[in-house]
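The values are calculated or read from the model by the stated rules, or taken from the named source; none is laboratory data. Keep in mind that this is a model prediction, so the values were computed, not measured. Cβ coordinates were reconstructed from backbone atoms using ideal geometry, including for glycine residues, and neighbour counts include every protein chain displayed. Accessible surface areas use protein heavy atoms only, side chains included; no ligands, DNA or RNA. Shrake-Rupley method; radii C 1.70, N 1.55, O 1.52, S 1.80 Å.
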Amino acid sequence: MRALVEDMTGDHPARPCVVVSNNAEAGGIAWAKAQGIATEVVDHRPFAGDRPAFEAALNAALERHSPDMICLAGFMRKLTGGFTDVWAGRMINIHPSLLPKYKGLNTHARALEAGDTLHGCTVHEVTAALDDGPILGQASLKMVPDDTAEALAARILTLEHRLYPAVLRRFAAGIRAPLFITG
């Protein structure tokens, strides 16, 4: 989130209007407030078992700020079609694998276990299907023999901080052709 916000200056076609989290203690909330960006917190726990009610509250929080699009960053909640359909074509996410490989969690460990030689991250449009949707960009790097899941996570994070801002800039300008970066 920080990398996205810090890039949204000058001739960038987008500006942040709100940072929303389901965790009041998320570091991004305090950072956004310090930058003068509006924040909203919609705690998912009071909605236990009622995902549509949580998503309605999340959508209401977003609508208060009239965003043109949503950029997910570290939001680890699966969203249903009831939410994603409202934002179809206007919501993007970053995932730490070269989709369609390794949807879900533990992507770095799974790439190591599979003996992959390339790993990376993907920015994609969000749909109701987990880590699915049209690919807008990917960044890849060669895996090395001494890689661990933690080392890969750190190396991939560096790629994420390059890829996501670049894709957001293009997406906000109406460019949907995928961008590919090697690290």
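Enter the Cα centre distance for the pair the stretch 145-176 and the stretch 6-37, rounded to the nearest angstrom.
18
Determine the order of S97, S66 by accessible area, beginning with the largest, at a probe radius of 1.4 Å.
S66, S97
For the stretch 1-103, what does the relative contact order come out to in percent, with C-alpha contacts under 8 Å and a separation of six or more? Intermediate results must be reported in sequence, preceding the final value.
Details: 90 pairs, mean separation 21.4, N = 103.
Relative CO of the stretch 1-103 lands at 21 percent.
Just read off the accessible area of L105 with the full protein assembly in place, 1.4 Å probe, to the nearest 10 Å².
110
Along the Cα→Cβ direction, 7 angstrom out, place labels at H65 and A30. What is the inter-label distance in nm?
With each label point 7 Å from Cα toward Cβ, the separation is 1.9 nm.
Using 10 Å bins from zero, what percent of all Cα-Cα pairs in the stretch 1-143 falls into each bin?
11, 37, 36, 15, 2
Positive end of the charge dipole of the chain (Lys, Arg +1 and Asp, Glu -1 on Cβ, about the Cα centre): tell me which of A34, V144, L179 has its Cα farthest that way.
L179
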